[in-house]
1. When residues of the stretch B:166-200 are filtered for being more than 9 Å from chain A (Cβ to nearest Cβ) and not in a helix (DSSP H, G or I), how many remain?
2. Assuming B:M1 fulfils every condition listed in (1) modelled with pLDDT of 90 or more; (2) surrounded by fewer than 18 Cβ atoms within 10 Å (Cβ to Cβ) apart from one, which condition is it?
3. Do we find that A:T5 is among the β-branched types (V, I, T), more than 11 Å from every other protein chain (Cβ to nearest Cβ) and part of a loop (DSSP other than H, G, I, E, B) in this structure?
4. Suppose we filter the stretch A:8-20 for residues that are surrounded by fewer than 19 Cβ atoms within 10 Å (Cβ to Cβ) and part of a loop (DSSP other than H, G, I, E, B); how many remain?
5. Report the residue count in the stretch A:35-74 for those that are under 20 Å from B:E27 (Cα atoms), at the interface with chain B (Cβ under 7 Å from one of its Cβ atoms) and assigned to a helix (DSSP H, G or I).
6. Residue by residue through the stretch B:35-89, note down the ones that are farther than 22 Å from A:T74 by Cβ, assigned to a helix (DSSP H, G or I), within 7 Å of chain A (Cβ to nearest Cβ) and not aromatic (F, W, Y).
7. Residues in the stretch A:37-59: is at least one at pLDDT 90 or above and in contact with a Phe, Trp or Tyr (Cβ under 7 Å, 6 or more places away or on another chain)?
8. Pairs, please: C-beta under 8 Å, at least 6 apart or cross-chain, first residue farther than 13 Å from B:Q157 by Cα and in the stretch B:180-203, second in a helix (DSSP H, G or I) and aromatic (F, W, Y)?
Amino acid sequence: MTNETTHLPTWTLEELAEDALSHAETALALEHVRRCTRCAAEVEAHRALFSALASLPAFDPSPGFADAVMQRVTLPVAAPAAVLQRRWLPRTRRGWMTAGVGALAPLLPLMALLSWLSGSGVSAGTVPGRAWNWFAGAAWSLIVRAAAAFVGSGIWQWLVTTGNDLVGGTRGLSVAAVLFMIAVPVSAWAMVRLLRTPVGMTHAH
Amino acid sequence: MPDGTSELNATTLTDHDLVVRAQKGSEKAYRELLGRYQRPVFSLIYRMVRDREQAEDLAQETFVRVFNNIDRYDPAYKFSSWIFKIATNLTIDWIRRKELPTVSIDGSRYATSSDEIEASTITVESGDENPEQLLVSRELGDQIEDAIGKLRPEYRQAIVLRHIDDRPYEEIAQIMALPLGTVKTYIHRGRKELQEMLAHTRV
């Protein structure tokens, strides 16, 4: 070993002592350290310090520590409700006022509608029945029109013809339809599972 | 509420599994997490504040905060990083609020009687050393502990996490909420100061 005129930076020597250099860097650094007394001494000093620090003992808290902690911990017995409450309910008076105004806002158009209906001779008691009749009529009309449009477009005829050609008649088409009805919810379930898995989940060990 | 880990050996579960069970209300899962982390968390805080009673208070507060907010745990981070981050934040806040003198490891400075001194004295683990080696080892250990105690809190925290808890640089940066380069600088400067302070010893 000789005294070199140039020396490795302290950073590099620390990383060498810590085994933090890459394989190639380690080889180059060791080659220099073998020839340089000063750098070799510095690496040894770093290693001695790291070793001394690593050998320091861990300290234990007092024996009653765990019980003292657990006495102050609120176990999440009603966890889902608590979480829901914490996430969704307002926390300030201003928040409560905003939420109240937001909740009451839809009542205004409803009151206006009732006022208009009463002005048109409709009593409040008959409003739910009339509304339901209107809704059911509109929904049925929509379904009938959609079905007529579907059949009229020729798509249905094309599906029946193609199905007969491909899967061998009505029976094959029925089997394909059943398989399709099973596959859709299964793929939806798989998608939901995939999306709900947290990204980058790591374990602490 | 039934204990979700009753049929399972909690010691074989990962931290994440234990957190999930704790979120469902399993006291056994909480106690297993406590068992895993009370020693490293208390050691880190004790080395930061140099006072056993205060370290116990801060460690207790750390676990209470972590456990009472367990539903907010983000599994994208390691549980150890989360708990060490809370521990170091609490400790640094306490140090900033208080002028911290350097004290000996041989008992609390708040101890007023021999019983209290005895109770607050740190017991260190010993290997198979003879009494003379043990004494030298203890003296050296005390000198190193004193030197660590004289470092700036930021350097002390980084050095303890790196060299005593063996945490990787990236995790230390996460715990201290600092850029990786800053953490490396802190550790480098801390090492340099330690070497200067311990130059008269055999370290």
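1. Within the stretch B:166-200, the first condition is being more than 9 Å from chain A (Cβ to nearest Cβ), and the residues that meet it are B:167-168, B:170-183, B:185-186, B:189-190, B:193, B:196-197, B:199-200.
Keeping just the survivors that are not in a helix (DSSP H, G or I) gives B:167-168, B:177-179, B:199-200.
Selection size over the stretch B:166-200: 7.
2. Failed condition: (1).
3. On the way: among the β-branched types (V, I, T): yes; more than 11 Å from every other protein chain (Cβ to nearest Cβ): yes; part of a loop (DSSP other than H, G, I, E, B): yes.
So A:T5 fits the description; yes.
4. Step one: list which residues in the stretch A:8-20 are surrounded by fewer than 19 Cβ atoms within 10 Å (Cβ to Cβ), which gives A:9-11, A:18-20.
Pick out the ones that are also part of a loop (DSSP other than H, G, I, E, B) and you get A:9, A:18-20.
The qualifying residues number 4.
5. 5
6. B:R39, B:P40, B:S43, B:S80
7. yes
8. Close Cβ pairs satisfying both conditions: B:L180/B:Y169; B:E193/B:Y155.
The values are calculated or read from the model by the stated rules, or taken from the named source; none is laboratory data. Fair warning: this is a prediction, and the values are worked out from it, not measured in the lab. Cβ: placed from backbone, ideal geometry, glycine included. Neighbour counts: every protein chain shown.
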